[in-house]
Every structure is written in C-alpha cells, then in structure tokens.
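Here the structure comes first, spelled out in structure tokens, and everything after it is commentary.
Laboratory data are not the source of any read-out in this text; all were calculated from the coordinates shown. Since the structure is predicted, the reported quantities are computational estimates derived from the model, not experimental observations. Because the Cβ atoms are built from the backbone with ideal geometry, glycine has one as well, and the counts that use them run over all protein chains shown.
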Amino acid sequence: MASSPLPASVLDLAPVVPVVVIDDAADAVPLARALVAGGLPAIEVTLRTSAALEAIREIAGQVPGAVVGAGTVISPEQVTRAVAAGARFLVSPGWTDGLLEAMRGSGVPFLPGVSTASEVVALLERGVREMKFFPAQAAGGTAYLKSLAGPLPQARFCPTGGIGPASVADYLALPNVGCVGGSWMLPGDAVAGRDWGRVEALARDAAALSAGGTCR
C-alpha cells in the first residue's frame with residue numbers, strides 16, 4: 001500500500017496524537033481505523049507490550065490514512081526494530097546521547113523526551129528543537145511550559161502525560177506547543193470490549209477539541 005509523504009516534523013502531524021497501548025495485535029487495525037475515521041491520523045503505539053511491533057506493522061500495511069509511530073522508545077535496538085516494522089516517527093520518554101544518535105540516524109522524525117530546563121538546553125545544544133514534554137501534568141503542566149517559553153523560545157513541545165479533554169485546549173494555546181499526546185479517547189473498557197464505534201466517537205470529540213470545538 002502506498003503511504004503518504006513522510007512528515008518533516010512530528011509536531012506537524014496533527015494537534016492530538018493518540019498514545020496507544022496494544023496488548024493484542026489483532027486489535028491494531030480496527031483500533032487504528034476508528035481513530036483515523038474520527039479525525040486522528042497520527043497514532044503513537046507504545047513499545048510497552050510484546051504485541052507493539054506487530055501492531056505497528058499491521059497498521060502501517062493495512063490502514064490508509066494512518067501515520068503510525070513508535071512511542072516509549074528507550075534503546076537504539078528499539079529504534080531499529082520500530083522503523084523496520086513501519087514506524088514513521090519515534091517518541092521517547094527521555095534521552096541519552098546513544099539513543100539520540102540512533103533516532104537521528106533512523107531517517108524518520110523523532111521527539112526525545114524532557115521534563116527539565118536543563119534537558120531542554122542540552123538538546124538545543126545538540127541541535128534538537130522539538131521535544132516531548134513528559135510527564136506533562138506531573139512535571140508542571142501548562143505553567144511550566146509557559147515559563148520555558150521566555151528563556152527558551154526556540155524549543156517546541158508535544159506534552160504528554162495526564163492530559164485530557166479539560167486541559168488539551170490550554171496546552172494547544174501555548175506558543176511553544178505543537179501538538180499534545182494522550183489516551184483519553186481510548187478508555188480501557190472500550191478497547192477491551194472492542195467498541196470501535198465508541199473509540200471513533202471519542203476520537204472525533206478529540207479532533208473537535210483540537211480545532212477549538214467543544215466536547216459532547
């Protein structure tokens with residue numbers, strides 16, 4: 001299946017990026033189809049389960065319109081395996097020089113994770129301007145990101161962790177936020193029950209929130 005052009009930046013994919021944990025690879029395609037139908041084409045599959053790489057492979061091969069990436073990337077080996085499976089972007093909760101080198105060499109866009117000003121400065125020193133802010137709420141939320149915007153305006157973020165319908169608009173209104181990651185459109189009971197219609201409806205609500213709409 002032909003895929004759309006590779007994005008230059010993860011932050012340009014979509015305002016809201018679903019963060020997905022998949023326990024059964026058989027759920028990957030219907031779940032991704034529901035998210036895409038609801039208006040959320042960028043899908044971050046976290047490498048937290050044994051099914052994750054197969055899920056990425058299935059979504060990449062069978063869901064037109066989806067841009068699937070790998071999250072919770074914490075080693076160079078995972079970088080290699082995720083890209084081989086079809087991941088079109090990479091997201092890490094933190095970073096080391098070795099991991100950063102591997103992500104840079106992967107050929108796909110990536111977001112290394114930060115939670116402090118020192119980590120942001122260290123990445124800027126290495127030429128990286130786009131980062132994941134994690135865990136967003138626990139690390140200071142919108143107030144912390146506002147504080148970073150003054151001294152470090154060149155850094156842009158995808159905050160993830162604890163974000164939901166009540167706070168997503170506040171994050172997206174910040175000048176240094178390009179997108180947010182979250183899982184509120186994927187409640188555990190809906191995924192466990194394979195209620196893909198509910199997932200699609202929640203994805204549509206999330207897409208409306210990111211466009212300045214209101215949640216039902």
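Touching a residue at least 60 places away in the same chain (Cβ under 8 Å) and either outside any loop (DSSP other than H, G, I, E, B) or within 19 Å of G113 (Cα to Cα) (or both): is that true of R194 in this structure? Give the derivation first.
Details: touching a residue at least 60 places away in the same chain (Cβ under 8 Å): yes; either outside any loop (DSSP other than H, G, I, E, B) or within 19 Å of G113 (Cα to Cα) (or both): no.
When the stated conditions are applied, R194 does not pass them.
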### Task
Among the residues of segment 113-130, write down those that are within 21 Å of Q78 (Cβ to Cβ) and either among the acidic types (D, E) or touching a helix residue (DSSP H, G or I) at 6+ places or on another chain (Cβ under 6 Å) (or both).
V114, E119, E130
### Task
Give the residues of segment 149-161 that are within 25 Å of P18 (Cβ to Cβ) and touching a helix residue (DSSP H, G or I) at 6+ places or on another chain (Cβ under 8 Å), sorted by residue number.
A155, R156, F157, C158, P159
### Query
Among the residues of segment 128-148, which ones are part of a loop (DSSP other than H, G, I, E, B) and either surrounded by fewer than 19 Cβ atoms within 10 Å (Cβ to Cβ) or in contact with a Ser or Thr (Cβ under 8 Å, 6 or more places away or on another chain) (or both)?
R129, F134, P135, A136, Q137, A138, A139, G140
### Summary
Scanning segment 149-173 residue by residue, the ones that are assigned to a loop (DSSP other than H, G, I, E, B) and either without any contact (Cβ under 8 Å) to a residue 12 or more places away in the chain or in contact with a Phe, Trp or Tyr (Cβ under 8 Å, 6 or more places away or on another chain) (or both) total 7
### Task
Could you grab me the full set of residues in segment 114-127 that are within 20 Å of the chain's Cα centre (by Cα), assigned to a helix (DSSP H, G or I) and surrounded by fewer than 17 Cβ atoms within 10 Å (Cβ to Cβ)?
E119
